[in-house]
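Asks: If you scroll down you'll find the structure; I have some questions about it.
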C-alpha cells in the first residue's frame, strides 16, 4: 500500500501501478472509495483507492458505533497484541464494563472478525484486514517527525526498563514510571487511543507497590511489563519502525 497526493485529496492506493495512478489523477473522490477494476486489463487485479479523509471518518464512526460502545480499533488491536484473549481480560484492558466487553467480544465473532476457541478469541483474516485499514486511517493524523521524536525519547527508557525487569528491581519501578509518564503523555497527544495505557501502568504499579510482585512482569495479565511491551509495539508501529 502506498500513499499518493492529489491537488485536493490525499489517497491510499492498494495494488497500485503507474497506470492506476494516471487514472486516479483524473478522478474525484466524492464517496471516499473508487473501485478501479473496471478501468482495463492492466487494473484487472482490482485496484482500490480510498480517500484518506474518508478513511479517518470511517474509523471515527467505527469507534463510536461498535457493540458495547467499545472503540473497535482499540478492541481489534488488543486482540492482535494479546493473540488469544477472553472477554473479561478485554473488558479490564479497555476499561469498560464486563457486559460491554462481552458484547464487543460476541460482535467480533458474529461479524467473522474473530474466531473463538476454549473461551478466548483471536483475529481472523477479516479481522486483521479491518484492523490494518483502521490503523492506516489513524496514521493519517499522526505527524511523522513528532512521533519519531517520541520514539527517540522512549528508547533509552526501554533499555533501562529491560534491565530493571531482568533484575526484578521493583524499588526502581516508580522512578522509571515517573520519567516515562512524560513520554507517554506526548504519545497520547498524537495517538489519543493509547491514553488508556497510562491507567494500566498506574494500576500495575499500585499493585507492585502493595507487594503483589507478579504485577511487575507476569505474563497473561496486564502487568507493568505486559503493558510496556504492548505500548512499545504501538509506538514502533505508529512511527513506522520495526522492533529490534
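Values in this text are rule-based calculations from the coordinates and carry no lab data. Every value quoted in this text rests on a predicted model; they were computed, and no experiment measured them. Cβ atoms come from the backbone with ideal geometry, glycine included; neighbour counts cover every protein chain shown.
Asks: Could you give the alpha-carbon Rg of the range 66-136 over 2.2 N^0.38 Å, rounded to two decimals? Walk me through the numbers before you get to the answer.
Replies: Values: Rg = 10.5 Å, N = 71, 2.2 N^0.38 = 11.1 Å.
That works out to 0.95 for the range 66-136.
Asks: Label points 7 Å out from Cα along the Cβ direction at residue 88 and residue 212: separation in nm?
Replies: Computed distance between label sites residue 88 and residue 212 equals 1.3 nm.
Asks: Using Cα pairs closer than 8 Å and at least 6 residues apart in sequence, work out the relative contact order for the range 69-112, in percent. If you can, show how the numbers build up before the last one.
Replies: Numbers: 29 pairs, mean separation 16.4, N = 44.
Once divided by the residue count of the range 69-112, the mean separation gives 37 percent.
Asks: What whole-number distance in Å separates the alpha-carbon centres of the range 97-142 and the range 181-244?
Replies: 20 Å
Asks: Classify the range 142-238 as rounded, prolate or oblate, taking a ≥ b ≥ c as the square roots of the eigenvalues of its Cα gyration tensor: rounded when a/c is under 1.5, otherwise prolate if a/b is larger than b/c and oblate if not. Walk me through the numbers before you get to the answer.
Replies: Working: a/c = 2.07, a/b = 1.72, b/c = 1.20.
It comes out prolate by the Cα gyration axes.
Asks: Set the Förster radius R0 to 41 Å, insert the Cβ-Cβ distance between residue 155 and residue 97 as r into 1/(1 + (r/R0)^6), and round the FRET efficiency to 0.05. Spell out each step's value before the answer.
Replies: Details: r = 36 Å, r/R0 = 0.89.
E(calc), rounded to 0.05, equals 0.65.
Asks: Using 7 Å Cα-to-Cβ label points, what is the residue 199/residue 117 separation (nm, one decimal)?
Replies: Distance between the two pseudo-spin positions: 3.1 nm.
Asks: Still on this structure, I have one more. Neighbouring Cβ atoms within 10 Å as the yardstick, rank 177, 149 fewest first. All intermediate terms of the calculation are to be shown ahead of the outcome.
Replies: Working: 177 20, 149 15.
Result, fewest neighbours first: 149, 177.
Asks: Any chance you could run the full-extension gain for residue 81 through residue 129? It's 0.36 nm times the residue separation minus the Cα-Cα distance, nm to one decimal.
Replies: Details: separation 48, 0.36 × 48 = 17.28 nm, distance 1.48 nm.
The span from residue 81 to residue 129 would gain 15.8 nm if fully extended.
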